[in-house]
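The values are calculated or read from the model by the stated rules, or taken from the named source; none is laboratory data. Owing to the predicted nature of the structure, the values given are computational and were not obtained by experimental measurement. Please note: Cβ atoms are built from the backbone with ideal geometry, for glycine as well, and neighbour counts cover all protein chains shown.
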């Protein structure tokens, strides 16, 4: 299982702390991009994000929690991320956004909120590289893990096996050294406050164990 570390709650100075985290046993740096419209909270501008991550070497996994999806894709594609994930609930022309990201040479992910059923994205599963299951309400860190999200993981795992789809399954929200044990069928876990509110190296070791 891969670990994508979110720095939403990382200590100041963020650039310096993230550079430390970048040297540890994580697979991706996860960028939580919020616009204050699609979700209540707002994070940084592209320029501010760039200043924070510019010295890091780990591949980037970008999660857009925004309403003006294509504008943010234009900005954050400049970071040359491995993945850009947008919210199914934020767009009306899902296929258009999938193609927009793919045409930039970037792998594309769809994220679904806790209230969105897997059935709503079935038509797109053969065309994407990642499905991000939110195990909390998107928009802020430190929330408790929603057990119901594991039902979606099971569905996505089964659909992938049955239809030979190629997407990876990612989960985000409330992941710690206990809840990660319940995520056997997940390919990548996004972990934020569990890592960043403690000793980074020790917390990552607990996740790996």
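Mind listing just one residue for me: the one in the range 54-68 that is outside any strand (DSSP E or B) and under 15 Å from the mean Cα position of the chain (by Cα) and, of those, nearest to residue 93 (Cα to Cα)?
66
Which of the residues spanning the range 69-91 are in a loop (DSSP other than H, G, I, E, B) and more than 13 Å from residue 104 (Cβ to Cβ)? Please lay out each step first, then the result.
Quick first cut of the range 69-91, residues in a loop (DSSP other than H, G, I, E, B) only: 80-82, 91.
If the condition is that a residue be in a loop (DSSP other than H, G, I, E, B) and more than 13 Å from residue 104 (Cβ to Cβ), then 91 is the only one that fits.
Hey, any hits in the range 193-205 for a residue that's part of a loop (DSSP other than H, G, I, E, B), under 22 Å from residue 10 (Cβ atoms) and in contact with a helix residue (DSSP H, G or I) (Cβ under 7 Å, 6 or more places away or on another chain)?
no
Among the numbered criteria (1) farther than 21 Å from residue 103 by Cα; (2) surrounded by fewer than 21 Cβ atoms within 10 Å (Cβ to Cβ); (3) in contact with a helix residue (DSSP H, G or I) (Cβ under 7 Å, 6 or more places away or on another chain); (4) at pLDDT 95 or above, which single criterion is violated by residue 5?
(2)
Check off (1) crowded, with 19+ Cβ neighbours inside 10 Å; (2) farther than 20 Å from residue 101 by Cα for residue 51 and give me the number that stays unchecked.
For residue 51, the failing item is (1).
Considering every residue within the range 14-21, establish whether at least one is closer than 27 Å to residue 201 by Cβ, assigned to a loop (DSSP other than H, G, I, E, B) and touching a residue at least 24 places away in the same chain (Cβ under 8 Å).
no
When you check residue 105 against the structure, is it more than 12 Å from the chain's Cα centre (by Cα), modelled with pLDDT of 95 or more, assigned to a loop (DSSP other than H, G, I, E, B) and within 19 Å of residue 31 (Cβ to Cβ), yes or no?
For residue 105, the condition - more than 12 Å from the chain's Cα centre (by Cα), modelled with pLDDT of 95 or more, assigned to a loop (DSSP other than H, G, I, E, B) and within 19 Å of residue 31 (Cβ to Cβ) - is met.
Across the range 118-150, what is the number of residues that are over 24 Å from residue 70 (Cα atoms), touching a residue at least 24 places away in the same chain (Cβ under 8 Å) and either out of contact with any helix residue (DSSP H, G or I) (no Cβ under 7 Å at 6 or more places or on another chain) or not in a loop (DSSP other than H, G, I, E, B) (or both)?
Selection size over the range 118-150: 8.
So, in the range 13-29, of the ones that are within 11 Å of residue 52 (Cβ to Cβ) and surrounded by fewer than 15 Cβ atoms within 10 Å (Cβ to Cβ), which residue ends up modelled with the lowest pLDDT?
Here the answer is 13.
Mind listing whichever residues of the range 33-47 are surrounded by 14 or more Cβ atoms within 10 Å (Cβ to Cβ) and touching a residue at least 40 places away in the same chain (Cβ under 8 Å)?
Of everything in the range 33-47, those that are surrounded by 14 or more Cβ atoms within 10 Å (Cβ to Cβ) and touching a residue at least 40 places away in the same chain (Cβ under 8 Å) turn out to be 33, 34, 38, 39, 41.
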